[in-house]
Amino acid sequence: MARSAHLDTFAGDHLPPAETWPPLHAPGLSYPDRLNAAGELLDGHPRFRTALVFPGGTWTYGELSDRVGQMANLLTDEYGLQPGNRVLIRIPNNQWLVATWLAVLKAGAIAVTSMPALRPVEMRTINEIAKIDFSVVDDRFSADWIEAAIGPGVMVNAEFIGALDKQPKTFQEVDTAADDVALLAFTSGTTGRPKATMHFHRDILAIADTFSAHLVKPTADDLFVGSPPIGFTFGLGGLVVFPMRVGASSLLLEKATPDLLAPALAEYRPTIMFTAPTAYRALLAMPDVDFSSLRRCISAGEPLNVTTWHAFHERTGIKIIDGIGSTEMLHIFISAADGDIRPGSTGRPVPGFEACILDDDGNEVPNGTLGRLAVRGPTGCRYLNDERQTVYVQHGWNLTGDTYTRDDDGYFWYQARNDDMIISSGFNIAGPEVEMALMSHPDVLESAVVGAPDEERTMIVYAFVVRKPGTDPSVADLQEHCRKTIAPYKAPRVIEFVDALPRTTTGKIQRYVLRNMAADESAGGGQAGR
């Protein structure tokens, strides 16, 4: 590893032991020892070209560069930000989020981008793990951040923008090492305790130089749009890294639900769209959506149903590029585009990556055999100070937690998750986290949460609840309590009251029984909550 530029060595000190890292596999990729990803993405493009489009205006690359310089100067000179400090960014998808993210990296600090939907208990957990040094928070979403009591920070408001205007527009980027940590991205595990994945400056460029370069194939004339929050690495790649790597533009919508995404397609005429299968299905259900400007559509976050793929192709003529990625790997590593697509298959390893199917002992299984998806490439899992590193990385491979088969032509076919993660509308939701939220309600004695199959969302969060004697909470009461305790998208869509949870003779909850019950109820179209 090259000499680190971090004065605050927290991140480097808490990298997992080197022997537990997956070996890098990066054919065709080469980066210098000294590298600042923000400078690579932002500088070198014509200043007059449009970088960001948003309701009410645009920023050119020159204007964005000026704002990034002012932001970096303000954070370092006025607030004492040092290389290696962790900066929590709590801003919706807009121009200020992009400017802040780039400024944090230029200053040699570490970006920790969170979604405004997170609640105080979730932010406190992030702070416990990442030891946040400073926060930049949109003042519309400051109440929960203040309640979380994370530490010093600044609000993005008129006063803040006025302070920026007084700062110099140029900033000499910190000479970070290519393998200095640039960002921490959080992912939930089946235990409910989030994990912080650590990604280097070179990793950020690697996802653009593999998946984007070889499959998305953007040009400087493209306008990107998408629904995923930039706090998710799917959104970070599709709305920031990929367009900026080629000098293209990004349309930023603070809310990009299908009902808002549809009119944006007509108004702004984007050419490349990133979203989840749920959104593609919702857009197809709308009769007057104008898809005519799009030339590339990318899907990830949950399996893309073959019916949805064919319906979208029939309606638009566009072949959706499906893919699987993970927060641990930063972005998509298996996919296919154009004539290589086989509808229903996730695809083949993205150039620069390799993948196989392993059995429980780490042996590669024959084609057509169910097994654990294993992948390696120019990015890989590095958890911050977390013993689960050796669960995700085994036998020199990153194990994604998915069950797959591979056919004789090298295409990978998704079968199921092999853990208790619930995949709903492109979001990964850990059942234990929802259980903890339910258990914090004074009328709940026990709870167990599983995923139930759902045609529209892939899965829904399905909760079984045992009430305390003498209480009678309603489904609506418990759902509202969850929405106030954890991010609203994690709240159970269905709650079924039971007298007791099924258990083994040793007292463990029989989740397979609950999954079968939930699946039967969902298939019957019933609404639990009796």
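The values are calculated or read from the model by the stated rules, or taken from the named source; none is laboratory data. These figures come from a predicted structure and were not determined experimentally. Note that we place each Cβ from the backbone using ideal geometry, even for glycine, and neighbour counts take in every protein chain shown.
General remarks:
- Considering only residues in segment 385-406 that are surrounded by 16 or more Cβ atoms within 10 Å (Cβ to Cβ) and among the charged types (D, E, K, R), the one that is nearest to the chain's Cα centre (by Cα) turns out to be D402.
- Within segment 370-415, the set of residues being of a type in the set (A, V, I, L, M, F, W, C) and either within 21 Å of P27 (Cβ to Cβ) or modelled with pLDDT of 95 or more (or both) comprises L373, A374, V375, C381, L384, V393, W397, L399, F412.
- Number of the exception - T233 against (1) more than 20 Å from I429 (Cα to Cα); (2) surrounded by 21 or more Cβ atoms within 10 Å (Cβ to Cβ): (1)
- Among the conditions (1) under 30 Å from T390 (Cα atoms); (2) surrounded by fewer than 21 Cβ atoms within 10 Å (Cβ to Cβ), D77 misses just one, which is (1).
- Flag for R119 being buried (at least 17 other Cβ atoms within 10 Å of the Cβ), under 21 Å from the mean Cα position of the chain (by Cα) and of a type in the set (K, R): yes
- Segment 313-325, residues that are part of a strand (DSSP E or B) and of a type in the set (A, V, I, L, M, F, W, C): I321, I324
- From the options R457, R406, residue that is closer than 27 Å to A337 by Cβ and touching a Cys at 6+ places or on another chain (Cβ under 8 Å): R406
- Annotation note: of V112, V104, V136, the sole residue that is assigned to a helix (DSSP H, G or I) and buried (at least 17 other Cβ atoms within 10 Å of the Cβ) is V104.
- Pairs, first assigned by TED's automatic domain parsing to the domain that holds V498 and part of a strand (DSSP E or B) in segment 443-468, second of a type in the set (D, E, K, R) and surrounded by 24 or more Cβ atoms within 10 Å (Cβ to Cβ), C-beta under 7 Å, six or more apart: V461/K490
- Of the candidates D144, D209, D203, the single residue that is part of a helix (DSSP H, G or I) and outside the structural domain of F353 (by TED's automatic domain parsing) is D144.
- Look at (1) in a helix (DSSP H, G or I); (2) among the aliphatic types (A, V, I, L, M); (3) closer than 20 Å to Q415 by Cα and you find that L265 fails only one, number (3).
- Taking residues in segment 277-288 that are touching a residue at least 60 places away in the same chain (Cβ under 8 Å), and partners anywhere that are buried (at least 20 other Cβ atoms within 10 Å of the Cβ) and part of a helix (DSSP H, G or I), the pairs with Cβ atoms closer than 7 Å and at least 6 places apart or on different chains are A279/L261.
- Hey, T257 over 21 Å from G347 (Cα atoms), without any contact (Cβ under 8 Å) to a residue 60 or more places away in the chain and either surrounded by fewer than 24 Cβ atoms within 10 Å (Cβ to Cβ) or of a type in the set (S, T, N, Q) (or both) or not: yes
- Filter result (farther than 28 Å from A177 by Cβ and in contact (Cβ under 8 Å) with a residue 24 or more places away in the chain) within segment 28-56: P46, R49, T50, L52, V53, F54, P55
- The residues on offer are Y404, Y414, and the sole one that is without any contact (Cβ under 8 Å) to a residue 60 or more places away in the chain, within 29 Å of L358 (Cα to Cα) and either in a helix (DSSP H, G or I) or assigned by TED's automatic domain parsing to the domain that holds G235 (or both) is Y404.
- Here V87 clears all of (1) farther than 25 Å from P243 by Cβ; (2) buried (at least 24 other Cβ atoms within 10 Å of the Cβ); (3) aliphatic (A, V, I, L, M) except the condition numbered (1).
- Listed by first and then second residue, the pairs linking a residue in segment 296-311 that is closer than 15 Å to A336 by Cβ to a residue that is part of a loop (DSSP other than H, G, I, E, B), with Cβ atoms under 6 Å apart and 6 or more places separating them unless they lie on different chains, are C297/I318; C297/I320; S299/I320; V306/P343; V306/G344; W309/I320; W309/P343.
- Inspection of segment 210-222 identifies no residue that is surrounded by fewer than 22 Cβ atoms within 10 Å (Cβ to Cβ), at pLDDT 95 or above, under 25 Å from T187 (Cα atoms) and not basic (K, R).
- Assessment of segment 299-312 against the conditions (part of a helix (DSSP H, G or I), surrounded by 23 or more Cβ atoms within 10 Å (Cβ to Cβ) and of a type outside the set (A, V, I, L, M, F, W, C)) yields no matching residue.
- Test for A437: is it within 25 Å of the chain's Cα centre (by Cα) and either of a type in the set (A, V, I, L, M, F, W, C) or assigned to a helix (DSSP H, G or I) (or both): yes
Residues checked against (1) within 16 Å of V53 (Cα to Cα); (2) modelled with pLDDT of 90 or more:
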{"residue": "A248", "(1), (2)": "yes, yes"}
{"residue": "E254", "(1), (2)": "yes, yes"}
{"residue": "L265", "(1), (2)": "yes, yes"}
{"residue": "P277", "(1), (2)": "no, no"}
{"residue": "R281", "(1), (2)": "no, no"}
{"residue": "D288", "(1), (2)": "no, yes"}
{"residue": "I298", "(1), (2)": "no, yes"}
{"residue": "E302", "(1), (2)": "no, no"}
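- Residues (β-branched (V, I, T) and either crowded, with 24+ Cβ neighbours inside 10 Å or under 22 Å from the mean Cα position of the chain (by Cα) (or both)) located in segment 326-342: T327, I332, I334
- When residues of segment 21-51 are limited to those that are basic (K, R) and in contact with an Asp or Glu (Cβ under 9 Å, 6 or more places away or on another chain), the one nearest to G396 (Cα to Cα): R34
- For segment 255-271, the condition of being closer than 26 Å to Y392 by Cβ and under 16 Å from the mean Cα position of the chain (by Cα) holds for none of the residues.
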